[in-house]
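Read the structure below first, then the notes.
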Amino acid sequence: MSVTIFDQPDVQAFLREISGLDKPDGSPRAKQIIHRLMSDLFKAIDELDITPDEYWAGIAWVNELGIAGQAGLISPGLGLDHFLDLRMDAQDAALGIDNKTPRTIEGPLYVAGAPVVQGHARLDDGRDTDGQLLLMHGTVFNDAGQPVPGAQVEVWHCDTRGFYSHFDPTGVQAPFNMRRTIIADQQGRYSFRSILPNGYGVPPGSPTEKLLFALGRHGQRPAHIHFFISADGQRKLTTQINIAGDPLVNDDFAHATRDGLVPEVVEHGDAASIAAAGLEGPFAEIVFDFHLTPLVQGEDNQICERPRAAA
Ligand code: DHB
Ligand code: FE
């Protein structure tokens, strides 16, 4: 028999008590958030008649998720990262800010401290010989359409097996492989050579994958390259590009694909192009410009200082 008790005064008093609302100590904001989240959870248990077995299966999963360190992996899978982006888009729209280069999620696999290189960088260590050569370049612009000399282009991507350096279970990648900070030249230009990444999949058998499978979903991402773009007087842009032609471009478990972030990939096989690019053989070229937006009243009103790995 299904009963609902959520609205009873004793349950409402209990929610205030567990949230510390009857205590002077602690953080008012923490109390406000926990009171709301616990109220929503109690209500869901009540209205969906969540059984004790279902509840305790959920708790076991949360423990498994924590032991695996995967809270940051399931977060994009459940759309929370994209939802935060949509909220920032809406805040920008309300302020009349037009993001010519769309933002999209950071993901959980950035590592601070990558080597800093002027103008042009090679990202890969040459070990992953399965990858097609990639040359990517473009210009960083401000919202007046002027180039931004000295803009910082932080870039990171995975290898052809879908593994990121510092998070590679096989341990074969050198530190900061496929991670660099490129300083744009006097014309605001950046460029790098690397190899085309493949798609990424959440670890097989992981708690993240188990939940996605329970939802009839998968844990795969299309091939993509991550960026942070920053410069004096500008808001930091967090974005990614997808590799056009990947079959999952519009079926990303992390919901990061956005219009304007799937640039054309041009294949070059002729000797003249190869020589002009200074590369060893046929390569794929991506040209992509980044458009920054200025600080709002002198501040980056959306800067995110989430805890990040550093090496
Ligand atoms: C995840 C991995 C990524 O490479 C990414 O860009 C976003 C999310 C993840 O495992 O959740
Ligand atoms: Fe990624």
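The values are calculated or read from the model by the stated rules, or taken from the named source; none is laboratory data. Given the structure is predicted, the values throughout are model-derived calculations rather than measurements. Reconstructed Cβ throughout: ideal geometry from the backbone, glycine too, with neighbour counts over all protein chains shown. Surface accessibility is based on the protein's heavy atoms, side chains included, excluding ligands, DNA and RNA. Shrake-Rupley method; radii C 1.70, N 1.55, O 1.52, S 1.80 Å.
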Exercise for the section: Look through the range 85-108, keep the residues that are more than 20 Å from ASP289 (Cα to Cα) and either of a type in the set (Val, Ile, Thr) or open to solvent by 70 Å² or more (accessible area, probe 1.4 Å) (or both), and return whichever of them is nearest to ligand 1 (Cβ to nearest atom). Expected result: LEU86
Practice task
Please go through the range 213-228 and pick out each residue that is of a type in the set (A, V, I, L, M) and within 16 Å of ligand 2 (Cβ to nearest atom).
Solution key: ALA223, ILE225
Exercise for the section: Report yes if THR238 is assigned to a helix (DSSP H, G or I) and within 16 Å of ligand 2 (Cβ to nearest atom), otherwise no. Expected result: no
Exercise for the section: Specify the residue that is least open to solvent (accessible area, probe 1.4 Å); the eligible residues are those in the range 25-35 that are farther than 16 Å from ASP7 by Cβ and part of a helix (DSSP H, G or I). Expected result: LYS31
Completion exercise
The lone condition MET1 fails out of (1) at pLDDT below 95; (2) surrounded by 13 or more Cβ atoms within 10 Å (Cβ to Cβ) is (2)
Practice task
Check off (1) closer than 19 Å to ILE286 by Cα; (2) out of contact with any Cys (no Cβ under 8 Å at 6 or more places or on another chain); (3) within 16 Å of ligand 1 (Cβ to nearest atom) for GLY162 and give me the number that stays unchecked.
Solution key: (1)
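Could you say which residue among PHE167, PHE176 is touching a Cys at 6+ places or on another chain (Cβ under 9 Å), under 29 Å from GLY201 (Cα atoms) and at pLDDT 95 or above? Even if it seems obvious, please write down each step before you answer.
Numbers: PHE176 fails: touching a Cys at 6+ places or on another chain (Cβ under 9 Å).
Unique residue meeting the criteria: PHE167.
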Exercise for the section: Mind counting the residues in the range 209-226 that are assigned to a helix (DSSP H, G or I) and either in contact (Cβ under 8 Å) with a residue 60 or more places away in the chain or touching a Ser or Thr at 6+ places or on another chain (Cβ under 8 Å) (or both)? Expected result: 3
Handout entry: Single match in ALA309, ALA256, ALA284, ALA275 (criterion: among the aliphatic types (A, V, I, L, M), more than 26 Å from GLY216 (Cβ to Cβ), within 16 Å of ligand 1 (Cβ to nearest atom) and modelled with pLDDT of 95 or more)
Key = ALA309
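Every residue, every condition in (1) in contact (Cβ under 8 Å) with a residue 60 or more places away in the chain; (2) surrounded by fewer than 19 Cβ atoms within 10 Å (Cβ to Cβ); (3) touching a Lys or Arg at 6+ places or on another chain (Cβ under 9 Å), yes or no:
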{"position": "TYR110", "(1), (2), (3)": "yes, no, yes"}
{"position": "ARG122", "(1), (2), (3)": "yes, yes, yes"}
{"position": "ASN142", "(1), (2), (3)": "yes, yes, no"}
{"position": "ALA174", "(1), (2), (3)": "no, yes, yes"}
{"position": "ILE182", "(1), (2), (3)": "yes, no, no"}
Fill in the blank from the handout: Flagged pairs (Cβ under 7 angstrom, 6 or more apart or on separate chains; first in the range 192-208, in the same structural domain as LEU135 (by TED's automatic domain parsing) and in contact (Cβ under 8 Å) with a residue 12 or more places away in the chain; second among the polar types (S, T, N, Q) and outside any loop (DSSP other than H, G, I, E, B)) are GLY199/GLN220; GLY201/GLN220; VAL202/THR208
Exercise for the section: Filter the range 66-84 down to residues that are touching a Leu at 6+ places or on another chain (Cβ under 8 Å) and open to solvent by less than 60 Å² (accessible area, probe 1.4 Å), then give me how many there are. Expected result: 2
Exercise for the section: Say whether the condition of being without any contact (Cβ under 8 Å) to a residue 40 or more places away in the chain, out of contact with any Pro (no Cβ under 9 Å at 6 or more places or on another chain) and outside any loop (DSSP other than H, G, I, E, B) is met by at least one residue in the range 250-266. Expected result: yes
Problem - Evaluation of VAL155 against (1) among the β-branched types (Val, Ile, Thr); (2) within 16 Å of ligand 2 (Cβ to nearest atom); (3) over 29 Å from ARG235 (Cα atoms) (one fails), failing number - result: (3)
Exercise for the section: Find all pairs meeting these conditions: Cβ atoms under 7 angstrom apart; at least six residues apart or on different chains; first residue within the range 291-311 and over 19 Å from THR104 (Cα atoms); second residue among the β-branched types (Val, Ile, Thr) and surrounded by 11 or more Cβ atoms within 10 Å (Cβ to Cβ). Expected result: ALA309/VAL111; ALA310/VAL111; ALA311/VAL111
Fill in the blank from the handout: (1) part of a strand (DSSP E or B); (2) open to solvent by 60 Å² or more (accessible area, probe 1.4 Å) all hold for ILE229 apart from (2)
